[in-house]
Amino acid sequence: MYIKLDRLSIRAKFMKCIALVLVLFFVETLPANAEIKNITSTGEYIMGEDETMAVAKERALAEAVKSATEQAGVYVESYSRTSNLVLAKDEANVLARGVVEVLDKHYDEPKYTGSACYLRVTITAKVDTGNIDLLRRTFQSKLLAADLKRMQAAYEDCQQDIKKLKAQLVQTSGNEKKNIAQRIAENEKRFRVAWLIEQGYNSAVQKNYEASIQAFTQAIDLDPRYAFAYLNRGNTYHELKQLDLALADYNKAIALDPADDSAYYNRGVLYGNLNRYDLAIADYDKAIAINPDNVYAHNNRGIAYAKAKKYDLALADYNKAIAIDPNNAYTYDNRGNAYFELRQYQQANADYDKSIALDPNNKNAYNNHGQVKSALGQYELAIADFDKAILLGLNTTYVYNSRGMAYNQLKQYQEALSNYDKAIELDPSNVVAYYYRGVANYNLKKFESAIADYDKVLALDSGRFTGAYFYKGLALAYLQRHQEAIDVLQLYIGCGNDVNRIETAKNVIRQLGGLP
């Protein structure tokens, strides 16, 4: 007895990608056209009276890095032209800083002239253009843009201030000279903190998280009341999934600076990752109260509402985020997800179209676009979207399962089978993949293989996937293992909840000579 499974209303459950926006440090693969170049630059600094050698050396090093950054700017501009990226001048300057990594440094022997000491350092730095597009999209976060500019402004302020203090120092005497010496010491402390914060951030961008945490910790040791240092160290712990440590740092940052919306925002992201959506929403509320134009807080609060199935509230937040920034691809992607859950597929499709138009490399948007095409019964188009998502680097069980389900609907069972194989290779405990691979094997009349898949499903999760009893019973019936088929189908009648399948199971049992 052979019954085609596509006639039995197999409902494919497609999976969407949610674009949770993190103001953290991102990790992606290197683009194909990325280049890595080494450059050499020098930095100089004249250490004056009452300055310390260690900080003076750091100031010279900072000048060398600044020179390397200016050279890196050439590569940033060249890469942006070949990659069709549009960069503003201030954006290019910030991005150039993020692609420079110091590999080696060498200090010349100090040269003394009176009370002044001339310092010179030569560095070899690596310029990795593979980070440019990623950093550009990161920079589009107004929160991050403000933070990056804040770091550079702190450094520049220290450099300008020390010049003025040194000029004043040579013109004063007595108590006034002591006061200026004290201000120089304070400037050195501020410079060290600013320098360490920047080093910590750049180390995180380059995925050297241990060095990043060390730099932020040193900054905190120098200034235990600097909320920005705790916030950034929390972000690095968050990136490492050390959530308890991240939460402690976010709490400290908020205690020190309760007017900083980004601290509430990032703690909200952490709570969202812990599935504590009530706490996440409360933090996004606070971030938005401080900064109503925080587009990412609106976006992520929308996600939290969607998780709670409060889609009207989610849509309101997504609409607000889009009104603030109509060029943010992630928000259209997420609003599309909300429309998808409401089965408003045309609206979802339009939002995914917009997301892809804004960011043609958004692999999650292609996956989601494929889901809505499948929901609309446009399986060939869905497969093209899943192909694109995979080409862009989406290598997950859900994209292969989704593509396999689309092939299954087109009755291209061999292609479906290969996708489920890939999903199982990525996650050997993925019950969905075994379940639908069993469907493909059944339709290819590979009944022994189908039975093996259904057995695996039942071993992994018999509670949710009771349909595996039903399909296993049909496969056993085809192999003329009648009593086994009757026993398994009776199990399904006892635990299944699909009326049509239960009636079919009873009919098959009767045809096999049993009593349902």
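The values are calculated or read from the model by the stated rules, or taken from the named source; none is laboratory data. Keep in mind that this is a model prediction, so the values were computed, not measured. Backbone-built Cβ (ideal geometry, glycine too); neighbour counts: all protein chains shown.
Here are some notes:
- Within region 200-214, the set of residues being on the phi < 0 side of the Ramachandran plot and surrounded by fewer than 24 Cβ atoms within 10 Å (Cβ to Cβ) comprises 201, 202, 203, 205, 206, 208, 209, 210, 211, 213, 214.
- Residues of region 190-210 classified as closer than 27 Å to residue 160 by Cα and among the hydroxyl-bearing types (Ser, Thr, Tyr), total: 2
- Long-range neighbours under 6 Å by Cβ, at least six apart or interchain, first residue on the phi < 0 side of the Ramachandran plot within region 416-437, second surrounded by 24 or more Cβ atoms within 10 Å (Cβ to Cβ) and among the acidic types (Asp, Glu): 434/453; 437/453
- So residue 500, is it closer than 24 Å to residue 409 by Cβ, out of contact with any Pro (no Cβ under 8 Å at 6 or more places or on another chain) and surrounded by fewer than 17 Cβ atoms within 10 Å (Cβ to Cβ): yes
- Taking helices (runs of 4 or more DSSP H) as the structural unit, those lying wholly within region 424-516 and holding at least 3 residues that are farther than 24 Å from residue 398 by Cβ and over 42 Å from the mean Cα position of the chain (by Cα) correspond to 467-478, 482-495, 499-511.
- Strands (runs of 3 or more DSSP E) wholly inside region 97-140 containing at least 2 residues that are at pLDDT 95 or above: 100-107, 116-128
- Check on residue 411, basic (Lys, Arg), assigned to a loop (DSSP other than H, G, I, E, B) and surrounded by fewer than 21 Cβ atoms within 10 Å (Cβ to Cβ): yes
- Where a residue in region 375-389 is of a type in the set (Lys, Arg) and its partner, wherever it lies, is part of a helix (DSSP H, G or I), with Cβ under 6 Å and at least six apart: 388/366
- Some residue of region 235-242 being of a type in the set (Val, Ile, Thr) and more than 23 Å from residue 334 (Cβ to Cβ): yes
- Close pairs from region 343-356: first within 16 Å of residue 306 (Cβ to Cβ), partner of a type in the set (Asp, Glu), Cβ under 8 Å, at least 6 apart: 351/333; 352/333; 355/333
- Identity of the residue in region 246-269, over 22 Å from the mean Cα position of the chain (by Cα) and either outside any helix (DSSP H, G or I) or of a type in the set (A, V, I, L, M) (or both), that ends up modelled with the lowest pLDDT: 260
- When residues of region 443-468 are limited to those that are of a type in the set (Ser, Thr, Tyr) and at pLDDT below 95, the one surrounded by the fewest Cβ atoms within 10 Å (Cβ to Cβ): 462
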